[in-house]
Amino acid sequence: MAPPADLRAWIALLEREGELVRVGAEVDPHLEVTEIVDRVVKAGGPALLFENAKSQHPLLINQFGTERRMCLAFDAPTLDDVGRRLGDVLEMQPPQGLAEKVRGLKKLKSIADSQPKTVRSGPVQEVMLQGDEVNLGRLPVQTCWPGDAGPFITLPAVITKDPRTGGRNVGMYRLQVLDERTTAMHWQIHKDGRADYLMTDGKLEVAVALGLDPVTAYTASAPLPKHVDELMLAGFLRGEAVELVQAKTVDLEVPANAEIVLEGYIQQGELAEEGPFGDHTGYYTPPEPFPVFHVSALTMRRDAIYPSIVVGKPPQEDAWLGKATERIFLPAIRMSVPEIVDYDLPVAGAFHNCCIVSIRKAYPGQAQKVMHAIWGLGLLSLTKAVVVVDEWVDVHDYDEVFFRVGANVDPKRDVLISEGPLDHLDHAPTLQFYGGKLGIDATHKGPTEGTREWPPEIEMSDEVRRRVDERWSEYGLGAAPEPNGRRQAALRQLLRR
Ligand SMILES: Cc1cc2nc3c(=O)[nH]c(=O)nc-3n(C[C@H](O)[C@H](O)[C@H](O)COP(=O)(O)O)c2cc1C
Ligand SMILES: [Mn+2]
C-alpha cells in the first residue's frame with residue numbers, strides 16, 4: 001500500500017479505517033464549524049466531512065487531527081519511520097558489497113522518482129471559471145473565531161516560482177478572502193513565498209492548490225531550504241511522483257489531482273490590511289498589510305471538496321502537522337548538528353516558543369554550541385527558548401525535562417540570554433520580529449566547566465531490578481506497571497487537554 005493518491009482516496013481510506021464521519025446536518029462555516037471541530041479535536045475524534053456547510057462544496061476538516069491519522073497519511077507505523085526514510089538517503093555511504101549496492105541503487109531510484117512529473121490533463125481542470133465567473137463566496141470558507149476580520153482559506157498550498165532561478169516553492173500561507181476575486185496573501189517575513197515576491201518587479205504569478213493528497217498537503221507546511229521544491233519531498237515521501245498539469249492562465253504547474261486551484265497574480269507593492277486572525281499562538285494576530293492576490297481563474301473538479309483547518313489555542317489539528325515536521329526533520333538536523341540525539345517542540349509552545357534538545361556531550365560548552373546551532377538553523381532559528389539536556393533524558397517527557405532543569409541549573413551560570421530573529425506572530429517581544437532568546441543548559445557539568453563534581457544520579461542496581469521482575473507475581477500487586485509508556489502517555493495527555 002502506498003500513501004493515498006489524492007484527497008478522495010484519502011477520504012475513502014479514512015472511512016474504511018473508521019476515522020471519518022460525514023455530517024449531513026446544515027452547519028455554518030461562520031464560527032459554528034470551529035466550535036464543533038474544537039471539541040472533536042480535543043477529544044481525539046475523527047475527521048469530519050460537512051456535506052452541508054451552506055455551500056455546494058463539502059468541507060473536510062480534522063483530517064490530520066491524531067497521530068494515527070498522520071501515520072495513515074504517510075502509510076508508516078510511526079512518524080519516526082517517516083523520518084528514517086529521509087535519514088537513510090541523507091546518510092548514504094558508498095555501498096560495500098553487492099547487496100548494499102543494490103539497496104543503494106533503490107535509494108537513488110527513489111530520489112530520482114521523487115521529481116514531480118507533468119501530465120497532459122487532470123481532474124482539477126474539469127471545471128474552469130474565469131474572470132467574472134470566479135466567486136470565492138461559493139466555497140465554504142470558514143470564519144474561524146469571533147474576532148476574525150472575515151473568512152480565511154486556512155489549508156492552501158501556495159505555489160510560486162523564484163523569478164531568478166525558476167525554482168518552485170510551495171508554502172502553506174493562509175488567504176483572507178477580501179471579495180469575490182481577491183484575497184490577502186499571508187506569507188510571513190521569513191518565508192520563501194515572500195522571498196519570491198520581493199524578487200519580482202511587477203507581477204508575481206501565483207497558484208493555490210486546495211484539497212491535495214495528505215502527504216503533499218503536509219509538505220506545503222514543511223520548512224525546507226528555499227532551493228528545495230516541496231513537491232519533490234512529497235514525491236519522495238509518497239514513493240510516487242506528484243503529477244502536475246500546466247495551469248490555464250499562469251505559467252505555473254499545479255497538482256493534477258487537486259480538488260481546486262486558484263490561479264492569479266500578486267502585483268508588487270499592492271497591499272491590503274490582513275487580520276485580525278485567531279492564530280495558532282492562541283491570540284489574535286493584529287491587522288498588518290500583506291500583498292493582495294488577484295484570482296484570475298478557478299479550476300476544480302466537479303463536486304470539489306474544500307479542505308479546511310482551524311488553528312487557535314493549542315492543541316489544535318495543526319499539532320500533528322508540526323509533530324510530523326519535528327520527526328521528519330530530525331535526521332536532517334542531525335546532519336548539521338550530529339551531537340543532537342533527539343528534540344521536542346512542545347505543542348503548547350506553538351512550536352516556535354520552545355525547543356527541548358538532548359545531546360551527547362563530549363566537551364565543555366557544547367550545550368551552548370547547540371543552542372547557537374538551533375538559533376542558526378532554518379526556521380528553527382526563530383526558537384525563543386532552547387533547553388538542553390543530556391542524551392539519556394527523554395525530551396518528550398516534560399516531567400523529566402522539568403526535573404532536569406530544576407536539578408541541574410544554576411541560573412547565574414547556565415542560563416544564556418541572547419537575541420535574534422523571532423517568529424512573525426510572537427506578540428511578546430518589544431519589537432516585532434526581533435528580541436530576546438533564552439538558553440537553558442540543564443546538562444550535567446563538572447570541573448571542566450567550572451563546577452563542583454556532579455553527584456551521581458539515583459539508580460537501582462540491575463541485580464535488584466531483575467530480582468523484583470522475577471518475583472513480581474509473588475507480591476500480589478497485579479500486573480507490573482509499564483515503565484516505558486510514560487513518554488507516549490504524556491504527549492497524548494497534552495493533546496487531549
Ligand atoms: C495550518 C497552517 C497554517 C499556516 N499558516 C501560515 C501563514 O498564514 N503564513 C505563514 O507564513 N506560514 C504559515 N504556516 C507555516 C508555513 O506553512 C511553514 O513555515 C512553511 O515552512 C512555509 O513554507 P516555506 O518554508 O516554503 O516558506 C502555516 C502552517 C500550518 C500548518
Ligand atoms: Mn520552501
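Please enumerate the residues belonging to segment 193-222 that are surrounded by fewer than 19 Cβ atoms within 10 Å (Cβ to Cβ) and near ligand 1 (Cβ under 10 Å from one of its atoms).
Result: A195, single match.
Could you check how many residues of segment 224-254 are touching a helix residue (DSSP H, G or I) at 6+ places or on another chain (Cβ under 8 Å), of a type in the set (A, V, I, L, M, F, W, C) and open to solvent by less than 10 Å² (accessible area, probe 1.4 Å)?
Qualifying residue count, segment 224-254: 7.
Quickly run through segment 218-275 and pick out the residues that are part of a loop (DSSP other than H, G, I, E, B) and within 16 Å of ligand 2 (Cβ to nearest atom).
If the condition is that a residue be part of a loop (DSSP other than H, G, I, E, B) and within 16 Å of ligand 2 (Cβ to nearest atom), then A220, S221, A222, P223, L224, P225, K226, H227, V228, D229, V242, L252 are the ones that fit.
May I ask you to verify whether L86 is modelled with pLDDT under 90 and in contact with a Leu (Cβ under 8 Å, 6 or more places away or on another chain)?
Criteria met by L86.
Exactly one condition in (1) loosely packed, with under 13 Cβ neighbours inside 10 Å; (2) on the phi > 0 side of the Ramachandran plot; (3) acidic (D, E) is false for D75; which is it?
Unmet condition: (1).
Just the residues that are within 15 Å of ligand 2 (Cβ to nearest atom) and either aromatic (F, W, Y) or in contact (Cβ under 8 Å) with a residue 40 or more places away in the chain (or both), please, taken from segment 164-180.
T165, G167, R168, N169, V170, G171, M172, Y173
Within segment 100-119, is even one residue touching a residue at least 24 places away in the same chain (Cβ under 8 Å) and under 30 Å from Q56 (Cβ atoms)?
Checked against the condition, which is being touching a residue at least 24 places away in the same chain (Cβ under 8 Å) and under 30 Å from Q56 (Cβ atoms), segment 100-119 yields at least one hit.
Which of the residues spanning segment 155-208 are part of a strand (DSSP E or B) and of a type in the set (S, T, N, Q)?
Within segment 155-208, T160, N169, Q176, T182, T183 meet the criteria.
Out of H427, H444, H396, H352, which single residue is farther than 29 Å from G87 by Cβ and assigned to a loop (DSSP other than H, G, I, E, B)?
Just a single option satisfies the conditions, and that option is H427.
Quickly run through segment 302-323 and pick out the residues that are assigned to a loop (DSSP other than H, G, I, E, B), out of contact with any Gly (no Cβ under 6 Å at 6 or more places or on another chain) and touching a residue at least 40 places away in the same chain (Cβ under 8 Å).
Within segment 302-323, R302, D303, A304, S308, I309, V310, V311, P315, Q316 meet the criteria.
Check off (1) at pLDDT below 95; (2) closer than 16 Å to P156 by Cα; (3) not small (G, A, S) for V208 and give me the number that stays unchecked.
Of (1) at pLDDT below 95; (2) closer than 16 Å to P156 by Cα; (3) not small (G, A, S), only one is false for V208: (1).
Take the residues in segment 181-207 that are under 13 Å from G264 (Cα atoms) and out of contact with any Ser or Thr (no Cβ under 9 Å at 6 or more places or on another chain); name whichever of them is nearest to ligand 2 (Cβ to nearest atom).
Checking each candidate, the answer is M185.
Scan segment 411-442 for residues that are free of Cβ contacts under 8 Å to residues at least 12 places away in the same chain, open to solvent by 40 Å² or more (accessible area, probe 1.4 Å) and not hydrophobic (A, V, I, L, M, F, W, C) and report the count.
4
Quick test for you: out of L231, L237, pick the one residue that is within 12 Å of ligand 1 (Cβ to nearest atom) and in contact with a Lys or Arg (Cβ under 9 Å, 6 or more places away or on another chain).
L231
If E274 passes every condition in (1) open to solvent by 10 Å² or more (accessible area, probe 1.4 Å); (2) farther than 18 Å from P307 by Cβ; (3) in contact with a Pro (Cβ under 8 Å, 6 or more places away or on another chain) but one, which one does it miss?
So E274 meets the others, but not (1).
Which pairs have Cβ atoms under 8 Å, sit 6 or more apart or on different chains, and link a residue in segment 330-348 that is among the aromatic types (F, W, Y) to one that is not in a strand (DSSP E or B)?
Y343/E326; Y343/L330; Y343/I333; Y343/V395
Tell me, yes or no, whether segment 166-181 has at least one residue that is of a type in the set (D, E, K, R), farther than 23 Å from D279 by Cβ and within 23 Å of the chain's Cα centre (by Cα).
For segment 166-181, residues of a type in the set (D, E, K, R), farther than 23 Å from D279 by Cβ and within 23 Å of the chain's Cα centre (by Cα): present.
Please verify whether D390 is acidic (D, E), open to solvent by less than 30 Å² (accessible area, probe 1.4 Å) and closer than 20 Å to R334 by Cβ, treating the condition exactly as stated.
When the stated conditions are applied, D390 passes them.
Each row is one residue, and each column tells you yes or no for (1) assigned to a strand (DSSP E or B); (2) open to solvent by 40 Å² or more (accessible area, probe 1.4 Å); (3) among the hydrophobic types (A, V, I, L, M, F, W, C).
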site: R8; (1), (2), (3): no, yes, no
site: I11; (1), (2), (3): no, no, yes
site: L14; (1), (2), (3): no, no, yes
site: E35; (1), (2), (3): no, yes, no
site: K54; (1), (2), (3): no, yes, no
site: G65; (1), (2), (3): no, no, no
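Is it the case that I153 is within 16 Å of ligand 2 (Cβ to nearest atom), closer than 30 Å to V41 by Cα and in contact with a Lys or Arg (Cβ under 7 Å, 6 or more places away or on another chain)?
Spelling it out, it is not the case that I153 is within 16 Å of ligand 2 (Cβ to nearest atom), closer than 30 Å to V41 by Cα and in contact with a Lys or Arg (Cβ under 7 Å, 6 or more places away or on another chain).
For (1) over 16 Å from P287 (Cα atoms); (2) more than 8 Å from ligand 1 (Cβ to nearest atom); (3) surrounded by fewer than 21 Cβ atoms within 10 Å (Cβ to Cβ); (4) acidic (D, E), each residue gets a yes or a no:
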| position | (1), (2), (3), (4) |
| --- | --- |
| W145 | no, yes, yes, no |
| P151 | no, yes, no, no |
| L155 | yes, no, no, no |
| I159 | yes, yes, no, no |
| R164 | yes, yes, yes, no |
| G171 | yes, no, no, no |
| R174 | no, no, no, no |
| A184 | no, yes, no, no |
| H190 | yes, no, yes, no |
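Quickly run through segment 285-330 and pick out the residues that are within 11 Å of ligand 1 (Cβ to nearest atom), among the polar types (S, T, N, Q) and closer than 22 Å to E274 by Cβ.
Once the filter is applied, which keeps residues that are within 11 Å of ligand 1 (Cβ to nearest atom), among the polar types (S, T, N, Q) and closer than 22 Å to E274 by Cβ, segment 285-330 yields T285, S308, Q316.
Any chance you could count how many residues in segment 11-62 are out of contact with any Asp or Glu (no Cβ under 8 Å at 6 or more places or on another chain) and under 25 Å from D279 (Cβ atoms)?
22
If V250 meets every condition in (1) of a type in the set (V, I, T); (2) within 14 Å of ligand 1 (Cβ to nearest atom); (3) more than 21 Å from D113 (Cβ to Cβ) apart from one, which number is that one?
Checking V250 against (1) of a type in the set (V, I, T); (2) within 14 Å of ligand 1 (Cβ to nearest atom); (3) more than 21 Å from D113 (Cβ to Cβ), the one that fails is (2).
The values are calculated or read from the model by the stated rules, or taken from the named source; none is laboratory data. Note that the coordinates shown come from a computational prediction; the quantities given were computed from them, not determined experimentally. FYI the Cβ positions are ideal-geometry reconstructions off the backbone, even for glycines, and counts take in every protein chain you see. For the accessible areas, the whole protein counts, side chains as well, though only heavy atoms, and no ligand, DNA or RNA atoms are used. Shrake-Rupley method; radii C 1.70, N 1.55, O 1.52, S 1.80 Å.
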